[in-house]
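Have a look at the structure below, then the notes.
The values are calculated or read from the model by the stated rules, or taken from the named source; none is laboratory data. Model, not experiment: these values are computed from the prediction. Using ideal geometry, Cβ is built from the backbone for each residue, glycine included, and neighbour counts are taken over all protein chains shown.
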Amino acid sequence: MTMQHNKSSKNDVICSICIANYNGMDTLGLCLSSIMNQNCSIQIEIIIHDDASQDQSVEWIKANYPFVKMIESKENVGFCVSNNRMVDMATGEYILLLNNDAELFPDAIQTLYDHAKKIQTRAILGLPQYNLLTGQLLDYGYHLDPFLNTIPNLSPYHTNVASIIGACLWIPKSVWQELGGFPEFFFMLVEDVYLCCYARLKEYPVKIIPQSGFKHLIGKSIGGGKLVDEQMVTSMKRRRLSERNKVYAMIILIPGLLCYLTLFVHFICLVSEGIIVSCYRKNWQIWRSIYWSCIQSTWKNRKKLFQKRRIVQKNISSSCGHFIKPHSLVPYKLKMLLLYRMPIIK
């Protein structure tokens with residue numbers, strides 16, 4: 001049975017698919033076609049937030065998909081604000097966050113919905129991620145190391161995971177609202193780790209469904225974050241935002257005294273890493289733009305971060321032990337360094 005979309009009243013909508021778009025006209029066609037070709041029986045709506053694109057995305061969407069609900073931003077506000085705005089507009093019981101460079105398997109939505117009903121508890125759900133170009137399996141969700149670096153889970157039997165990628169993330173709207181959505185000061189990156197960790201602190205399951213899946217064009221939206229010829233390649237912007245936001249998330253989310261111990265060790269490792277990478281690449285712009293920028297941003301925003309921490313920690317249900325259970329104690333960056341040498345930062 002082919003999926004139904006936007007044909008009935010808002011009360012009939014079960015799933016709101018939210019797509020944040022910035023200059024994505026070259027990938028949106030595959031993404032939207034994969035939604036339109038879903039074999040599912042539930043009513044869905046599609047919402048796209050265009051983040052001040054300059055590639056005629058808005059005109060193209062309106063001409064080819066007139067039933068899509070559009071939010072047109074006059075300025076570039078980032079992935080977090082984009083998704084928060086879409087979820088505010090959404091009328092479905094469930095939200096599916098979907099990247100504009102992701103392509104769903106034909107049974108993806110039905111699989112997510114069936115599992116959400118089967119487990120009879122509110123949960124964040126995800127699907128196996130595959131490389132759009134090669135078809136290679138990338139992960140069954142993620143584990144995390146002590147510093148919130150994501151570690152691909154490659155076992156279909158480990159369904160309880162620490163985090164699910166925001167490129168295809170299913171969440172009840174009521175849970176999203178309870179957690180407050182994405183922190184808008186993150187702008188982009190690590191927001192999915194933040195949301196999943198916060199959900200686990202509130203004792204909501206974060207689970208991967210081994211069946212079905214989606215394909216993803218890794219590194220398209222911001223550059224980097226992938227292996228090229230057995231070498232880690234990333235961009236200055238991606239590394240700067242990810243390092244900063246991981247520290248932000250650690251401050252807000254890690255329970256008790258574990259937070260301060262983790263931050264102490266992390267900043268020692270961060271400074272050491274910055275000096276080593278900058279010396280190895282003979283480029284001190286790496287230190288200034290990524291590592292020193294992270295330290296400065298954290299100090300500048302310390303009051304806001306610890307105020308947010310007090311709010312979050314006051315309302316959590318879990319202990320430190322529950323929080324770290326799906327984490328690995330081995331720093332993932334060290335493992336990647338041993339396997340693939342020093343990263344290339346462009």
Original post:
Any chance the stretch 68-90 includes a residue that's at pLDDT below 95, within 24 Å of L137 (Cα to Cα) and surrounded by fewer than 19 Cβ atoms within 10 Å (Cβ to Cβ)?
Top reply: no
Subject >> Which numbered condition Q211 fails, given (1) modelled with pLDDT of 95 or more; (2) of a type outside the set (F, W, Y); (3) in the same structural domain as D107 (by TED's automatic domain parsing) >> reply: (1)
**OP:** For K303, indicate whether it is modelled with pLDDT of 95 or more and either surrounded by 13 or more Cβ atoms within 10 Å (Cβ to Cβ) or touching a Leu at 6+ places or on another chain (Cβ under 6 Å) (or both).
**Re:** no
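Going residue by residue through the stretch 243-260, is there one that turns out to be in contact with a Gly (Cβ under 8 Å, 6 or more places away or on another chain) and either modelled with pLDDT of 95 or more or of a type in the set (D, E) (or both)? So that I can check it myself, show each step before the final result.
We begin by selecting, within the stretch 243-260, every residue in contact with a Gly (Cβ under 8 Å, 6 or more places away or on another chain); these are none.
No, there is no match, as no residue in the stretch 243-260 is in contact with a Gly (Cβ under 8 Å, 6 or more places away or on another chain) and either modelled with pLDDT of 95 or more or of a type in the set (D, E) (or both).
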Original post:
In the stretch 48-85, what residues are over 21 Å from E191 (Cα atoms) and among the acidic types (D, E)?
Top reply: D55, E59, E72
**OP:** Of the conditions (1) assigned to a helix (DSSP H, G or I); (2) farther than 28 Å from F323 by Cβ; (3) out of contact with any helix residue (DSSP H, G or I) (no Cβ under 6 Å at 6 or more places or on another chain), A116 clears all except one; give me its number.
**Re:** (2)
Subject >> Test: residue in the stretch 124-141 that is crowded, with 18+ Cβ neighbours inside 10 Å and in a helix (DSSP H, G or I) >> reply: no
Subject >> Filter result (without any contact (Cβ under 8 Å) to a residue 60 or more places away in the chain and at positive phi) within the stretch 165-190 >> reply: G180, V190
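Do the conditions hold for S82, that is, is it touching a residue at least 12 places away in the same chain (Cβ under 8 Å), in a helix (DSSP H, G or I) and among the small types (G, A, S)? Don't jump to the end; show me each part of the working.
Details: touching a residue at least 12 places away in the same chain (Cβ under 8 Å): yes; in a helix (DSSP H, G or I): yes; among the small types (G, A, S): yes.
Yes.
Take the stretch 176-189 and flag every residue that is more than 13 Å from the chain's Cα centre (by Cα) and over 15 Å from D88 (Cβ atoms). Break it down stepwise before answering.
The first filter runs over the stretch 176-189 and keeps only residues more than 13 Å from the chain's Cα centre (by Cα), leaving 176-180, 184-185.
The one that is more than 13 Å from the chain's Cα centre (by Cα) and over 15 Å from D88 (Cβ atoms): F185.
Hey, could you check the stretch 190-208 for residues that are part of a helix (DSSP H, G or I) and hydroxyl-bearing (S, T, Y) and say which is surrounded by the most Cβ atoms within 10 Å (Cβ to Cβ)? Before the answer, list the steps.
Taking the stretch 190-208 and keeping what is part of a helix (DSSP H, G or I), we get 191-201.
Narrowing further to those that are hydroxyl-bearing (S, T, Y): 194, 198.
Working: Y194: 25, Y198: 22.
Filtering the stretch 190-208 for residues that are part of a helix (DSSP H, G or I) and hydroxyl-bearing (S, T, Y), the one surrounded by the most Cβ atoms within 10 Å (Cβ to Cβ) comes out as Y194.
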Original post:
What is the one condition in (1) more than 30 Å from Q313 (Cα to Cα); (2) over 14 Å from the mean Cα position of the chain (by Cα) that E93 does not satisfy?
Top reply: (1)
Original post:
Within the stretch 37-65, which residues are more than 21 Å from D88 (Cβ to Cβ), surrounded by 14 or more Cβ atoms within 10 Å (Cβ to Cβ) and among the hydrophobic types (A, V, I, L, M, F, W, C)?
Top reply: C40, I42, W60
**OP:** From (1) surrounded by fewer than 19 Cβ atoms within 10 Å (Cβ to Cβ); (2) in contact (Cβ under 8 Å) with a residue 12 or more places away in the chain; (3) over 25 Å from S174 (Cβ atoms), pick out the condition that doesn't hold for T27.
**Re:** (1)
Subject >> From R281, R310, residue being more than 23 Å from L189 (Cα to Cα) and among the charged types (D, E, K, R) >> reply: R281
Subject >> Hey, N64 within 20 Å of the chain's Cα centre (by Cα) and not assigned by TED's automatic domain parsing to the domain that holds N245 or not >> reply: no
